[in-house]
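**Student:** Before anything else, here's the structure in question.
The values are calculated or read from the model by the stated rules, or taken from the named source; none is laboratory data. What you see is a predicted model; the values in this text were computed from it and never measured. Don't worry about glycine lacking a Cβ; one is built from the backbone with ideal geometry, like all the others, and counts go over all protein chains shown. Only protein heavy atoms, including side chains, enter the accessible area calculation; ligands, DNA and RNA are left aside. Shrake-Rupley method; radii C 1.70, N 1.55, O 1.52, S 1.80 Å.
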Amino acid sequence: MQTGEASDARAGLVVALDGPASSGKSSVGAAAAAELGYRFCDTGLLYRAVTWLALHRDISADDASGLVGLVSEIDLLDDGRGRLSHVAVDGVDRTDDVRGPAVDVAVSAYSAVSELRLALLTRQRHLASAGRIVMAGRDIGTIVLPDADLKLFLDASVEERARRRILERGIDPASDAGAEIVAELKRRDALDSTRAIAPLKAADDAVIIRTDGNAIEDTIRQVVQAIRTAEPARAADGAGAADGAAPTTPAEPEPRRPRRPERAARAPRRPIEPTPIATRSTVLIRFGSMILRSIARAIVRFRVEGNLAALPKSGPMIMAANHASSADPVLIGAFLNQVLGRPLNWLGKREIVEFPLTGWAFRIAGIHPVDREAADLEAFRTAMRILEAGQTLAVFPEGTRSKDGALQQVREGVGMLALRSGAPVLPVAVVDSDILWPRGQLLPHYGKRVTVRYGAPFVVADELAAQGLPVRGRQATEAATRLIMARIAALLPPRQRGVYAGDVTVGGAAEGA
Ligand code: DC
């Protein structure tokens with residue numbers, strides 16, 4: 001696993017701190033780290049130093065191997081308090097030079113060179129490997145340390161960031177130089193966030209800290225508080241096992257992403273009433289499903305394939321499907337409710353059940369609200385409760401609808417759930433629903449053909465064991481997730497297999513398609 005370094009046994013967390021130019025990452029990160037006795041690393045200095053050197057040597061952004069060759073000449077310097085906030089080029093401290101305007105203008109173009117990013121990736125991961133570090137950058141939470149214990153994303157409007165920079169540099173905001181700073185920040189934001197490789201963006205599980213109007217001391221306090229709150233959570237997690245190693249205790253660690261102390265960084269939201277677990281097909285569920293089936297049949301040329309008679313009518317089950325359109329939950333739920341004779345339980349954004357008119361209907365439809373601002377742990381616990389109650393949990397492991405109808409990379413929650421609960425997994429493919437109802441369109445097209453294809457339910461741990469693979473620990477979770485996705489991919493046509501196209505033979509799965 002690429003981020004094994006981030007999970008070694010050690011005291012303290014690996015904290016990813018990302019954000020746009022001039023969002024205050026360096027000053028806030030360094031101050032927070034000092035207060036907590038953490039190391040700090042400003043990865044922007046690496047990109048800046050390469051850029052500075054490249055400008056001096058007249059190496060253009062097209063010369064990838066020339067740029068990679070520069071990496072060995074650059075070192076981050078410890079300020080004696082564990083803060084890597086200075087950079088040396090060939091042994092000479094060049095921190096001030098690399099922060100100059102010439103580098104400001106050129107750095108985004110150089111940072112977009114994939115070979116250079118790869119060369120610096122290893123360096124950054126190595127720096128984080130001893131743990132107890134705050135690492136600041138653009139892609140730390142998404143690419144460099146995707147398994148970081150805590151991910152923070154500092155954000156502020158471009159006007160606010162420009163205002164701070166103008167103040168820092170003692171420039172008249174109304175001057176040409178002031179206007180130039182705003183324009184420059186906008187240009188860099190655009191370049192950093194639209195580049196093809198490792199663009200600037202908040203990781204899905206990052207805590208977003210908006211700093212408009214905040215004094216820097218407030219932001220430092222928020223970051224310190226977020227880290228302090230996450231420390232005991234991580235210790236309780238028992239996340240001492242290195243990647244790839246089977247845990248030494250009988251229990252697997254909790255999923256790794258939930259270590260976010262979201263509550264620490266945001267004002268607490270009103271708790272939301274949980275939806276009772278749907279255990280039987282009430283008259284309302286049967287009636288609602290019938291109406292939805294009729295509507296679906298009126299609009300869609302709809303086919304169901306698979307051995308429906310073999311589906312378990314009782315006991316826990318995880319229905320896992322690809323997600324390519326807003327119609328998917330209906331095309332699966334309204335029909336599967338009828339076949340199983342019992343309802344599905346879904347997880348959904350809390351906002352869905354808070355809609356004033358339709359919220360109650362969504363609850364009746366078995367949607368369990370989870371707070372997207374809270375840890376994934378909440379979703380995981382709700383899902384486990386449903387399975388422990390012997391009911392059917394419906395999940396889209398991709399989380400969001402695919403942009404092009406093809407499977408996207410998933411996180412490992414579904415594999416973890418399958419292993420933890422021991423529930424059989426029912427792989428389901430919704431074929432061509434992206435053509436029926438493309439993303440971004442208000443309504444579905446009329447008369448399109450959609451097939452929902454049901455695979456054979458399987459117990460993940462049994463299949464892994466049969467292949468001689470471990471059934472506990474991180475490797476098992478990864479293998480379980482891949483296996484589930486491979487089974488879904490095998491039911492899809494090649495066009496929709498996406499990132500799992502190469503896995504369809506994993507577990508000998510060529511079912512249908
Ligand atoms: O944080 P900064 O402004 O000093 O970063 C300088 C540039 O380096 C920024 O425009 C984008 C790039 N950078 C990056 O691409 N990835 C990082 N992890 C850090 C910085």
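**Student:** Could you go through the stretch 277-296 and let me know if any residue there is modelled with pLDDT of 85 or more, closer than 30 Å to Q409 by Cβ and in a strand (DSSP E or B).
**Tutor:** The answer is no; no qualifying residue exists.
**Student:** Quick check on D18: is it at pLDDT below 90 and closer than 17 Å to A128 by Cα?
**Tutor:** Here the answer is no, as D18 does not meet what is asked.
**Student:** Please determine whether any residue of the stretch 325-346 is farther than 21 Å from K313 by Cβ, aromatic (F, W, Y) and part of a helix (DSSP H, G or I).
**Tutor:** No: the stretch 325-346 contains no residue that is farther than 21 Å from K313 by Cβ, aromatic (F, W, Y) and part of a helix (DSSP H, G or I).
**Student:** Still on this structure: Can we say S60 is in contact with a helix residue (DSSP H, G or I) (Cβ under 9 Å, 6 or more places away or on another chain), more than 22 Å from E168 (Cα to Cα), crowded, with 21+ Cβ neighbours inside 10 Å and not hydrophobic (A, V, I, L, M, F, W, C)?
**Tutor:** no
**Student:** In the stretch 198-230, what residues are surrounded by fewer than 14 Cβ atoms within 10 Å (Cβ to Cβ) and either of a type outside the set (A, V, I, L, M, F, W, C) or at pLDDT below 85 (or both)?
**Tutor:** D212, G213, E217, D218
**Student:** I want to confirm something. Restricting to the stretch 491-505 and keeping residues that are out of contact with any strand residue (DSSP E or B) (no Cβ under 8 Å at 6 or more places or on another chain) and either open to solvent by less than 10 Å² (accessible area, probe 1.4 Å) or hydroxyl-bearing (S, T, Y) (or both), which single residue is nearest to V410 (Cα to Cα)?
**Tutor:** Of everything passing the filter in the stretch 491-505, Y500 is nearest to V410 (Cα to Cα).
**Student:** Report yes if Y454 is surrounded by 18 or more Cβ atoms within 10 Å (Cβ to Cβ) and closer than 27 Å to V330 by Cβ, otherwise no.
**Tutor:** Yes; evaluated as a whole, the condition is true for this residue.
**Student:** Further question: Is one or more of the residues making up the stretch 374-393 within 19 Å of M485 (Cβ to Cβ), modelled with pLDDT of 90 or more and touching a Phe, Trp or Tyr at 6+ places or on another chain (Cβ under 6 Å)?
**Tutor:** no
**Student:** Anything in the stretch 27-57 that is within 13 Å of Y110 (Cβ to Cβ) and charged (D, E, K, R)? List them, or say none.
**Tutor:** R48, R57
**Student:** If you take the residues in the stretch 170-197 that are within 10 Å of the ligand (Cβ to nearest atom) and open to solvent by less than 40 Å² (accessible area, probe 1.4 Å), which one is farthest from A61 (Cα to Cα)?
**Tutor:** L185
**Student:** Please indicate, with yes or no, whether at least one residue in the stretch 410-417 is open to solvent by 30 Å² or more (accessible area, probe 1.4 Å), over 20 Å from A278 (Cα atoms), of a type in the set (D, E) and not in a loop (DSSP other than H, G, I, E, B).
**Tutor:** Within the stretch 410-417, not a single residue is open to solvent by 30 Å² or more (accessible area, probe 1.4 Å), over 20 Å from A278 (Cα atoms), of a type in the set (D, E) and not in a loop (DSSP other than H, G, I, E, B).
**Student:** For R161, indicate whether it is within 11 Å of the ligand (Cβ to nearest atom), in contact with a Ser or Thr (Cβ under 7 Å, 6 or more places away or on another chain) and modelled with pLDDT of 90 or more.
**Tutor:** Against the criterion (within 11 Å of the ligand (Cβ to nearest atom), in contact with a Ser or Thr (Cβ under 7 Å, 6 or more places away or on another chain) and modelled with pLDDT of 90 or more), R161 qualifies.
**Student:** So, in the stretch 112-139, how many residues would count as being open to solvent by 20 Å² or more (accessible area, probe 1.4 Å), within 8 Å of the ligand (Cβ to nearest atom) and more than 19 Å from L53 (Cβ to Cβ)?
**Tutor:** Total meeting the criteria: 1.
**Student:** Please return the ranges of helices (runs of 4 or more DSSP H) entirely within the stretch 21-111 where 2 or more residues are more than 13 Å from the ligand (Cβ to nearest atom) and in contact with a strand residue (DSSP E or B) (Cβ under 7 Å, 6 or more places away or on another chain).
**Tutor:** Where helices (runs of 4 or more DSSP H) fall fully within the stretch 21-111 and carry at least 2 residues being more than 13 Å from the ligand (Cβ to nearest atom) and in contact with a strand residue (DSSP E or B) (Cβ under 7 Å, 6 or more places away or on another chain), they are 25-36.
**Student:** Of the residues A327, A361, which single one is under 27 Å from the mean Cα position of the chain (by Cα), open to solvent by less than 50 Å² (accessible area, probe 1.4 Å), farther than 30 Å from L150 by Cα and of a type in the set (A, V, I, L, M, F, W, C)?
**Tutor:** A327
**Student:** Output the residues belonging to the stretch 307-324 that are at pLDDT below 95 and within 23 Å of A486 (Cβ to Cβ).
**Tutor:** N307, L308, A310, L311, P312, P316
**Student:** Right, another one. Check L150, L154 and return the single one that is modelled with pLDDT of 90 or more, more than 14 Å from the ligand (Cβ to nearest atom) and open to solvent by less than 10 Å² (accessible area, probe 1.4 Å).
**Tutor:** Just one listed residue meets the conditions, L150.
**Student:** Identify, from the list L469, L443, the residue that is out of contact with any Lys or Arg (no Cβ under 7 Å at 6 or more places or on another chain), aliphatic (A, V, I, L, M), closer than 30 Å to F302 by Cβ and open to solvent by 40 Å² or more (accessible area, probe 1.4 Å).
**Tutor:** Checking each option against the conditions leaves just L443.
**Student:** Do we have P427 as within 27 Å of E305 (Cα to Cα) and open to solvent by less than 20 Å² (accessible area, probe 1.4 Å) here?
**Tutor:** Considered against the rule, which asks whether it is within 27 Å of E305 (Cα to Cα) and open to solvent by less than 20 Å² (accessible area, probe 1.4 Å), P427 comes out as yes.
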